[in-house]
1. For region 114-228, what is the Kirkwood hydrodynamic radius in Å, using each pair of distinct C-alpha atoms?
2. Let me know the whole percent of all Cα-Cα pairs from region 290-419 that are separated by more than 26 Å.
3. Pick out the long, greasy-scoring helices in the chain: whole DSSP H runs spanning 24 Å or more along their own axis by Cα, mean Kyte-Doolittle at least 0.0.
4. Using Cα springs under 10 Å in a Gaussian network model of the chain, which residue among Lys279, Lys271, Lys325 shows the largest mean-square fluctuation?
5. What do you reckon, how do Tyr387, Tyr123 stack up by accessible area (1.4 Å probe), largest on top?
6. Alpha carbons only, please: Rg and Dmax for the chain, in angstrom.
7. Per the 1.4 Å probe, what fraction of the accessible area of region 174-213, in percent, lies on carbon and sulfur atoms?
8. Would you list Cys239, Cys267 from the most to the least accessible area, probe 1.4 Å?
Amino acid sequence: MSNRIISILKKKLARKTWDNWFTTFQVKKVTDDKVIFSVGNLFIKDWLQSKYGNVISKAIKEAYGKNLEYEIVYETTDPGAFNKSDESYKGPLVKKKPLLISNLNANYTFENFVVGPENRVLYAVSMEISRSPGRYNPFFVYGMVGLGKTHLLQAIAHKIMELHPEMRVLYITSEQFMNDMIDSIKSGSVRDFREHYRKKADVLLIDDIQFLIGKNGVQKELFHTFNELYDAGKQIVICSDRNPEELNGFHDRLVSRFQMGMVMEICPPEKDTRFKIAKKFAERESVSLPDDVAQLLADSVDGNLRILRGVIIKLIVQSSINKEKIGAALTNQILAAFNKTTVSIKRMKEEDLLLSAIEAVMGVSPREIKGTSRKQNIVLSRQLLMYILKRHHGKSIKEISQITGKRHSTVIHSIKKIEMSVIKGNIVIKEKLAKILNMMATSSAAG
Ligand code: ADP
Ligand code: MG
């Protein structure tokens with residue numbers, strides 16, 4: 001009988017829908033008045049309930065000849081495989097898209113945020129907000145690229161989820177907000193979109209708001225979202241590469257909303273702080289960085305922590321490839337290579353770091369990834385790259401297609417492939433993914 005519901009459901013749904021959402025869907029138990037289904041992913045559970053509730057009810061009726069209540073429960077197949085570093089919370093993560101394990105980087109926590117004198121107050125306010133969301137509202141953080149804005153926002157998100165597990169915390173980049181809005185217009189589900197952002201979030205964190213400069217339609221939408229959340233006393237946290245007044249082309253009323261609360265700058269780390277961050281970046285990769293090397297790095301690389309991280313990852317990869325000790329010699333060599341291309345350092349892309357991490361974990365070079373080989377390991381590396389770009393860096397399909405030189409359809413297929421492997425609990429893929437992400441992610445002083 002239970003197989004019958006499944007096959008009825010399968011018939012009622014498009015093949016694609018089935019493949020996307022129902023592969024882990026099973027009948028767990030049937031009682032006199034209730035059917036209990038299980039799924040292997042927390043986000044899918046909510047998604048199925050809201051999107052396919054009616055179809056499920058109909059299928060039950062067809063299978064049993066009467067209306068029965070149903071419940072969907074979440075059953076892990078492989079608990080904790082993803083958040084090894086953060087066993088403490090198992091509750092719902094950020095509910096952005098049902099397929100996401102979480103769009104938060106597990107390493108972007110307060111524990112991993114080194115606090116120097118330059119950002120002590122900022123840190124204290126962020127902690128206070130995590131303890132009492134709604135207290136400083138909105139909280140607007142601005143500063144140059146690579147100073148830790150995203151890290152800080154996500155640290156707040158993590159902390160709120162830990163201290164207030166009942167709160168629904170939504171972290172999103174402005175680009176994702178815009179894309180979601182456009183998608184909802186295309187698919188005629190603007191109401192769902194609004195409900196999602198305005199009603200379902202207790203805390204909304206929006207990254208890189210400057211992305212919306214000149215995008216009037218989205219700003220208008222954001223304005224209403226902002227007001228509704230604000231009026232309901234929900235915490236809003238925003239970050240940007242410039243202060244509110246400098247958001248040229250932003251509607252005045254939105255700018256003045258941003259100024260209503262607490263506006264703080266995130267400052268470049270001083271040398272001592274950089275020293276500590278360098279140490280911890282390495283520690284995160286289970287490598288111990290000698291003091292003289294950390295000092296050399298702190299002296300040579302200024303505020304942009306992405307570059308500091310890039311140099312350290314290169315250092316680690318290089319030393320393991322060459323079987324060479326991490327010392328001043330190798331460090332100078334890598335620094336020189338970086339300095340030769342100062343211009344490109346400034347614009348060093350996340351993608352380059354990601355490619356190095358993939359090379360280190362998978363043994364596949366950037367050239368091979370961007371090439372056309374169909375060798376299994378290379379194909380898998382390519383798929384992982386696309387998946388991470390999409391899910392962890394918020395890149396669009398179009399951007400990923402440009403970065404990798406692959407067609408849209410290939411990109412979409414590849415991302416889905418990894419996504420399904422993750423959902424199905426494919427250990428090998430999850431491990432590779434975790435290793436790459438771990439390598440990418442930085443960390444620093446505990447406490
Ligand atoms: P932004 O969003 O401002 O461009 P990110 O949050 O991406 O910067 O930070 C760049 C990198 O530096 C990240 O890997 C982040 O974990 C790390 N980082 C930033 N600030 C700190 C800090 N205070 N302590 C430790 N790591 C930091
Ligand atoms: Mg950022």
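1. Values: mean 1/r = 0.0657 Å⁻¹.
After inverting the pairwise mean of 1/r, the radius is 15.2 Å.
2. Working: 2541 of 8385 pairs.
Taking all Cα-Cα pairs of region 290-419, the fraction more than 26 Å apart is 30 percent.
3. Values: long enough: 42-64 (27 Å, -0.15); 305-322 (25 Å, 1.13).
Counting only whole DSSP H runs, the qualifying helices are 305-322.
4. Checking each option, the largest mean-square fluctuation is seen for Lys325.
5. Heavy-atom accessible area, descending, gives Tyr123, Tyr387.
6. Considering the chain through its Cα atoms, Rg and Dmax are 23.3, 77 Å.
7. Numbers: 940 of 1880 Å².
That share works out to 50 percent.
8. Working: Cys239 0, Cys267 40 Å².
The residues order as Cys267, Cys239, largest area first.
The values are calculated or read from the model by the stated rules, or taken from the named source; none is laboratory data. These numbers come from a predicted model, not from an experiment. Every residue, glycine among them, receives a Cβ derived from its backbone with ideal geometry; neighbour counts consider all protein chains shown. Quick note on the areas: whole protein, heavy atoms, side chains included, nothing else; ligands and nucleic acids left out. Shrake-Rupley method; radii C 1.70, N 1.55, O 1.52, S 1.80 Å.
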